[in-house]
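Report on the structure given below.
Where a number appears in this text, it was derived from the coordinates with a stated rule and is not lab data. Not measured: the values here are computed from a predicted model. Reconstructed Cβ throughout: ideal geometry from the backbone, glycine too, with neighbour counts over all protein chains shown.
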Amino acid sequence: MKFRVGSLVYVAFSRDESTMGFAYPKEERDSLIASEPALFFLPRPSDLRFNWVCCHLAPLDHDYLTELVTGAWRMVVPKFLARQRLGS
């Protein structure tokens, strides 16, 4: 299952729903993965050119999942819409 804004995918779940890929700044993903290597991992090599990182879903609680999905959505919507819906 994939979630899009226009043609941009900001969240995608694996077929077995055990992992999730989501929009995340490329320049920050190495530090995210290093902070929790059991949770986060790089996408497949063909997707490394995108602003994308992956995670295992089982260890995530609802609040953390919401934070990740909201951040991914914020990356692909127009800035004014993100500010209007979520604030600064």
Computed magnitude of the charge dipole of the range 8-88 (debye, nearest 20; Cβ of K, R +1, Cβ of D, E -1): 480 debye
Kirkwood hydrodynamic radius of the chain, from inverse mean 1/r over distinct Cα pairs, in Å: 13.4 Å
Expected 222 nm ellipticity per residue - DSSP helices of 4 or more, -39500 (n - 2.57), all of the chain, to 500: -11500 deg cm²/dmol
Fully extended contour minus Cα-Cα distance, from Leu42 to Thr70, at 0.36 nm per residue: 8.1 nm
Stretch gain in nm, segment Arg15-Asp63, where the contour uses 0.36 nm per residue and the Cα spacing is subtracted: 15.0 nm
Top of Leu60, Leu42, Leu68 by mean-square fluctuation, Gaussian network on the chain, Cα under 10 Å: Leu60
Under the Karplus curve 6.51 cos²θ - 1.76 cosθ + 1.60, θ = phi - 60°, whole-Hz ³J(HN,Hα) for the range 23-28, x wherever Gly or Pro sits: 5, 7, x, 4, 5, 10
0 to 90° range, to nearest 10: angle between helix 62-76 axis and the chain longest Cα axis: 60 degrees
